[in-house]
Amino acid sequence: MNYTFIFLALVAAFGRDPARPLIAPLAATPPMGWNSWNRFGCKIDEPLIRETADAMVSSGMKAAGYQYVNIDDCWMAKERDAQGNLQSDPVRFPHGIKAIADYVHAKGLKLGIYSSAGTRTCEGLPASLDHEVADAKKFAEWGVDYLKYDNCNDEKRPDIERYTAMNTALKATGRPIVYSLCNWGHEKPWEWGRSVGGMLWRTTGDISDKWTSMIGILDKQVGLEQYSGPSGWNDPDMLEVGNGQMSFTEYVAHFSLWALLNAPLIAGNDLRSMSDSTRYILTNKAVIAVDQDWGGQQGSLVHTDGNTQVWAKPMHDGSKAVVLLNRGTTPTSISIQLADLGFTPSTKYQALDLWAHTVQQLDQMLQSGVPAHGAAMFIVKGGR
Ligand code: GLA
């Protein structure tokens with residue numbers, strides 16, 4: 001009898017939080033991974049995807065929780081094959097998608113792919129409208145684990161109809177595939193995304209590597225928090241961290257806010273050559289733990305005062321994640337009363353700084369200096 005095994009099984013069964021489900025469904029927490037689009041656009045090929053999978057492991061991204069390696073637009077050949085199936089570009093992906101899936105799986109990672117609920121993708125390549133059954137079957141045969149389903153060339157047919165058709169086709173394959181709806185917030189997908197099998201849905205148009213773009217998307221998340229939860233996440237679009245057009249401080253704010261929003265954490269930079277400072281941001285385990293908190297409650301805007309904002313997210317253990325955001329161009333100090341975070345001021349509280357890795361005791365309020373275009377992020381919890 002293997003007593004160690006029995007002991008570990010007992011710990012696993014009884015040492016866990018009883019409210020937490022034993023077997024996690026797909027996308028039980030926001031998906032984490034990488035996607036080719038933000039950094040590479042259509043300049044993608046098989047070596048890039050393989051090298052990215054290698055880098056995801058060697059950089060520590062996999063250990064930090066990233067698992068999906070997602071190929072965006074431009075993987076497919078200009079036309080379908082003689083049988084009417086999607087096929088990969090013969091020059092850039094000569095060995096096909098299955099070979100890449102095998103490679104990615106051998107590293108303990110998962111493969112994502114892209115198509116559009118239209119006649120053509122946004123880059124004019126063949127897409128899946130009216131080919132849902134055949135395409136989903138191919139994706140499953142190839143070992144695809146995640147589908148990002150875009151919205152270009154939609155023939156003006158209703159979103160719900162088009163996104164339902166692919167969901168039905170994916171389900172029919174029997175393969176668990178994360179279904180990511182990318183209709184840019186049209187027709188309020190947060191209201192119907194779950195009902196068509198969506199596990200995440202884009203809430204806005206595309207992000208770009210600019211502070212104003214990131215903040216513009218942030219502003220559009222206000223009020224959507226009620227729609228997000230386990231296996232159905234609001235998606236404010238992929239990360240731009242490390243792509244070069246924002247400062248380190250701005251990327252820290254971007255990553256902190258996306259974690260507070262329970263956003264899918266899909267890195268969009270070149271993992272093969274990322275700097276230590278980019279890796280430091282993307283692999284901050286305390287910040288990732290906020291995003292991945294299994295309670296799955298999205299954070300929301302608590303307070304705005306001129307260029308400063310306070311965002312807070314309830315964690316499953318009763319603590320709160322808090323982001324103090326300085327949208328202005330000069331450093332400032334931001335504070336929030338504990339009562340405004342929903343805490344009883346008579347209790348003792350402490351704040352863990354998730355970027356400085358320090359702890360401070362709190363009395364009536366949380367206060368911190370915050371750089372221009374920057375954020376500070378804390379966990380506030382009871383007890384000293
Ligand atoms: C749309 C999507 C982007 C990306 C491109 C690819 O713009 O929103 O995320 O997938 O298409 O063409």
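Residues of the range 39-55 with the amide nitrogen closer than 18 Å to a label point 7 Å from the Cα of residue 91, along Cα-to-Cβ, please.
The answer is 41-49.
Helix 46-58 sits at what angle to the longest principal axis of the chain, using alpha carbons and giving 0 to 90 degrees rounded to 10?
Taking the Cα atoms of the chain, the angle to 46-58 is about 30 degrees.
Given a Förster distance of 35 Å, report the FRET efficiency between residue 83 and residue 316 from their Cβ-Cβ distance, rounded to the nearest 0.05.
E between residue 83 and residue 316, to the nearest 0.05, is 0.10.
Name all residues of the range 88-125 having a backbone nitrogen under 19 Å from the label point set 7 Å from the Cα of residue 272 along its Cα→Cβ direction, giving them as ranges.
Backbone N within reach: 89-97, 99-107, 109-112.
For the range 26-292, just the Cα atoms, rotate onto the principal axes and tell me the three extents in Å, largest first.
Extents along the principal axes, in whole Å: 51, 39, 30.
Could you pull out every Cys in the chain that lacks a partner Cys with its beta carbon under 4.7 Å away?
182
Efficiency by 1/(1 + (r/R0)^6): what FRET value for residue 361 and residue 280, r their Cβ-Cβ distance, R0 = 30 Å, to the nearest 0.05? Please list the in-between numbers first.
Details: r = 27 Å, r/R0 = 0.89.
After rounding to 0.05, the efficiency reads 0.65.
Using 0.36 nm per residue of separation minus the Cα-Cα distance, give me the extension gain between residue 107 and residue 175 in nm, one decimal.
Extra length from residue 107 to residue 175 when fully extended: 22.5 nm.
Calculate the dipole size of the chain relative to its Cα centre from +1 charges on Lys and Arg beta carbons and -1 charges on Asp and Glu beta carbons; express the result in debye to the nearest 20.
It works out to roughly 780 debye.
Once you've got the Cα coordinates, tell me which of 285/313; 148/188; 156/220; 110/156 are over 21 Å apart.
From the list (285/313; 148/188; 156/220; 110/156), the Cα-Cα distance tops 21 Å for 156/220; 110/156.
Report, to the nearest 10°, how far helix 248-260 tilts away from the longest principal axis of the Cα atoms in the chain, using its own Cα long axis and a range of 0 to 90°.
80
Starting from the Cα of residue 248, move 7 Å in the Cα-to-Cβ direction to define the label point; list residues of the range 348-384 whose amide nitrogen is under 19 Å from there.
Only 353-358, 369-377 fall inside the zone, counting backbone N under 19 Å.
Using R₀ = 35 Å, calculate the FRET efficiency as 1/(1 + (r/R₀)^6) where r is the Cβ-Cβ separation of residue 208 and residue 335; round to 0.05. Working shown, then result.
On the way: r = 32 Å, r/R0 = 0.92.
With a Förster radius of 35 Å, E is 0.60.
Can you show me the helix-derived [θ] at 222 nm for the chain, built from DSSP H runs with n ≥ 4 at -39,500 (n - 2.57) apiece and divided by the number of residues, rounded to the nearest 500.
Computed ellipticity for the chain at 222 nm equals -8000 deg cm²/dmol.
Under a 5 Å amide H to amide H cut-off, with H placed in plane at 1.01 Å, what residues pair with residue 88 once short-range neighbours are removed?
Answer set, sorted by chain and number: 77, 97.
Bear in mind these aren't lab numbers, they're just calculated from the coordinates by the rules spelled out. Note that the structure is a prediction, hence the values are computed from the model and not measured. We place every Cβ from the backbone using ideal geometry, glycine too, and count neighbours over all the protein chains shown.
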